[in-house]
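Notes to accompany the following structure.
The values are calculated or read from the model by the stated rules, or taken from the named source; none is laboratory data. What you see is a predicted model, and the numbers here were worked out from it, not measured in a lab. We place every Cβ from the backbone using ideal geometry, glycine too, and count neighbours over all the protein chains shown.
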Amino acid sequence: MKRDRTKKLAVTGVSSTAIERSTTRSITNIAIEAVLSAVTDAGISLNEVDGYVGCPDAPNPTAAHADGFDEISCRFMVAALGLQNASWYQDVEGMATGMVVAAAHALAAGTCKYIVGVRALYNPRDRRYSATDAAHVAGPQQFKIPYGLGAAGGRFALWMQRYMHDHGATREELFEVARNARENAQRNPLAVWNGSPELTLEQYLSSRFIYEPMCLYDADMPVSGAVAFVMTTADRALHAPHAAYLSSFAVNDARRLFEGAEILPKDVQVAQLYDGFSLMVWDWLERLGFCAPGEAHTFTQNGRISRNGPLPLNTFGGALGEGRLHGAGHVREAALQAMGRAEQRQIEGVQHSLVQVGVPERSWMLIFAPRSA
């Protein structure tokens, strides 16, 4: 029996700080700015917020994992924001869509009325993101770096090599994912690649490998910045200036995602798929059923994923175009598309706005619907 959970919850406010390669600001300052802007966007006051969800992990191998320095925990932020009425707060692992799912459960249980979520990242100015070795790495990465499977995505390159072998895919075809991201970033003033020249096939093919066959342009850009959102129940969302209603969510199970929204993949008008590495887009196009296994490399050709194509993909530039915020930008864009507020990026007639963020072993998927749906 289908669980009746559709359109009972909504995102009513979204915001983002400037997204920069590096910054002189603290991660705390950035995160608080994003939260306050999201609360204002939702049309409420900070003292109405009684829930908080965060995604604090600093993923770079040399991270100190110090609260308030390169990470911000839920306890830290509840105190920093002065949330006197907080009845629930939680940190989730890894990705921004997981924050939405956690908030959905808390709201559905009646624990809170308004929940704010934030993902903030701080990119150190004095070091390259993955430039480290086993002698200097900290945290869980110390057990991976010695084997060459660090933050630069070695395990995904292994998947890509097998995919190319099995299905005849080429780097020339994968270029279309990176090219589309760069093109869409030109419509996003927040994107780190906004205003940059067009990415050419020659540049792509001649760039250095990170892990063969993945090159420099197949990886997103480490950045400093923060994205925040406000979620509430559907009845309260009726009084909000705008809302993106959560019509379905699922973890790792595309079938349940579409069953929850009572739609098929062909009914989706716009999709934001996680592209921390470009090849992830191919993987999730197939896992979500937009094309058959082994067909994503041809599915993404000939303008099919462009903003004017049948499936506009990562309309804000994705992580490849905007910068590495571990899906926070994807959630923001999916909500904005459902609200009809994506400005020059807006796709007409959006009724089902899909966002997926994560890696194969843990991926959270959401579908947003507009107020009129």
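Every residue in the stretch 17-42 that is more than 25 Å from P241 (Cα to Cα) and part of a helix (DSSP H, G or I), please. Before the answer, list the steps.
Going residue by residue through the stretch 17-42, those that are more than 25 Å from P241 (Cα to Cα) are 19-29.
Once the filter is applied, which keeps residues that are more than 25 Å from P241 (Cα to Cα) and part of a helix (DSSP H, G or I), the stretch 17-42 yields I27, T28, N29.
If the requirement is being surrounded by fewer than 22 Cβ atoms within 10 Å (Cβ to Cβ) and not in a loop (DSSP other than H, G, I, E, B), which of these qualifies: E286, E333?
Step by step, each of E286, E333 is checked, and only E286 is surrounded by fewer than 22 Cβ atoms within 10 Å (Cβ to Cβ) and not in a loop (DSSP other than H, G, I, E, B).
Within the stretch 228-235, is even one residue among the hydroxyl-bearing types (S, T, Y), within 22 Å of S372 (Cβ to Cβ) and either in contact with a strand residue (DSSP E or B) (Cβ under 7 Å, 6 or more places away or on another chain) or exposed (fewer than 15 other Cβ atoms within 10 Å of the Cβ) (or both)?
Residues of the stretch 228-235 among the hydroxyl-bearing types (S, T, Y): 232-233.
Keeping just the survivors that are within 22 Å of S372 (Cβ to Cβ) gives 232-233.
Within this subset, residues satisfying the condition of being either in contact with a strand residue (DSSP E or B) (Cβ under 7 Å, 6 or more places away or on another chain) or exposed (fewer than 15 other Cβ atoms within 10 Å of the Cβ) (or both) are 232-233.
Yes, some residue in the stretch 228-235 is among the hydroxyl-bearing types (S, T, Y), within 22 Å of S372 (Cβ to Cβ) and either in contact with a strand residue (DSSP E or B) (Cβ under 7 Å, 6 or more places away or on another chain) or exposed (fewer than 15 other Cβ atoms within 10 Å of the Cβ) (or both).
Quick check on my filter: what residues within the stretch 256-283 are in a loop (DSSP other than H, G, I, E, B) and either touching a strand residue (DSSP E or B) at 6+ places or on another chain (Cβ under 6 Å) or closer than 27 Å to G168 by Cβ (or both)? Let's see the steps before the verdict.
Quick first cut of the stretch 256-283, residues in a loop (DSSP other than H, G, I, E, B) only: 262-264, 268-269, 274-276, 278.
Those that are in a loop (DSSP other than H, G, I, E, B) and either touching a strand residue (DSSP E or B) at 6+ places or on another chain (Cβ under 6 Å) or closer than 27 Å to G168 by Cβ (or both): V268, Y274, D275, G276, S278.
Which one is modelled with the lowest pLDDT among residues in the stretch 60-80 that are aliphatic (A, V, I, L, M) and crowded, with 17+ Cβ neighbours inside 10 Å?
That would be A63.
Could you list, in sequence order, all residues of the stretch 232-248 that are assigned to a strand (DSSP E or B) and either within 9 Å of A42 (Cβ to Cβ) or at pLDDT below 95 (or both)?
T232
So A31 clears everything in (1) surrounded by 17 or more Cβ atoms within 10 Å (Cβ to Cβ); (2) out of contact with any helix residue (DSSP H, G or I) (no Cβ under 7 Å at 6 or more places or on another chain) except one condition, right? Which one?
Among (1) surrounded by 17 or more Cβ atoms within 10 Å (Cβ to Cβ); (2) out of contact with any helix residue (DSSP H, G or I) (no Cβ under 7 Å at 6 or more places or on another chain), the lone unmet condition for A31 is (2).
Would you point out which residue out of V359, V355 is touching a residue at least 40 places away in the same chain (Cβ under 8 Å) and surrounded by fewer than 24 Cβ atoms within 10 Å (Cβ to Cβ)?
V359
So for the stretch 301-315 (the condition being in contact with a helix residue (DSSP H, G or I) (Cβ under 7 Å, 6 or more places away or on another chain), farther than 19 Å from Q186 by Cβ and not in a loop (DSSP other than H, G, I, E, B)), does at least one residue qualify?
No, every residue in the stretch 301-315 fails to be in contact with a helix residue (DSSP H, G or I) (Cβ under 7 Å, 6 or more places away or on another chain), farther than 19 Å from Q186 by Cβ and not in a loop (DSSP other than H, G, I, E, B).
Please go through the stretch 43-54 and pick out each residue that is touching a helix residue (DSSP H, G or I) at 6+ places or on another chain (Cβ under 9 Å), part of a loop (DSSP other than H, G, I, E, B) and either free of Cβ contacts under 8 Å to residues at least 12 places away in the same chain or surrounded by fewer than 20 Cβ atoms within 10 Å (Cβ to Cβ) (or both).
Scanning the stretch 43-54 gives a single hit, S45.
Which of the residues belonging to the stretch 92-115 are of a type in the set (V, I, T), buried (at least 22 other Cβ atoms within 10 Å of the Cβ) and more than 16 Å from the chain's Cα centre (by Cα)? Quick ask: steps written out before the conclusion?
Let us first name the residues in the stretch 92-115 that are of a type in the set (V, I, T), namely 92, 97, 100-101, 111, 115.
Filter once more, so that each one left must be buried (at least 22 other Cβ atoms within 10 Å of the Cβ): 92, 97, 100, 115.
Once the filter is applied, which keeps residues that are of a type in the set (V, I, T), buried (at least 22 other Cβ atoms within 10 Å of the Cβ) and more than 16 Å from the chain's Cα centre (by Cα), the stretch 92-115 yields only I115.
Across the stretch 185-206, which residue is nearest to V270 (Cα to Cα) among those that are touching an Asp or Glu at 6+ places or on another chain (Cβ under 9 Å) and assigned to a helix (DSSP H, G or I)?
A185
Looking at the stretch 175-234, which of its residues are without any contact (Cβ under 8 Å) to a residue 24 or more places away in the chain and among the charged types (D, E, K, R)?
E198, E202, R208
Working only within the stretch 207-221, note down all residues that are crowded, with 21+ Cβ neighbours inside 10 Å and assigned to a strand (DSSP E or B).
Listed by number, the residues that qualify are Y211, M214, C215, A219.
Against the conditions (1) without any contact (Cβ under 8 Å) to a residue 40 or more places away in the chain; (2) over 22 Å from the mean Cα position of the chain (by Cα); (3) farther than 27 Å from S247 by Cα, where does D57 fall short? Just the number, please.
All conditions are met except number (2).
Inside the stretch 347-371, can you point out the residues that are farther than 19 Å from R255 by Cβ and in a loop (DSSP other than H, G, I, E, B)?
Those that are farther than 19 Å from R255 by Cβ and in a loop (DSSP other than H, G, I, E, B): I347, E348, G349, V350, Q351, R371.
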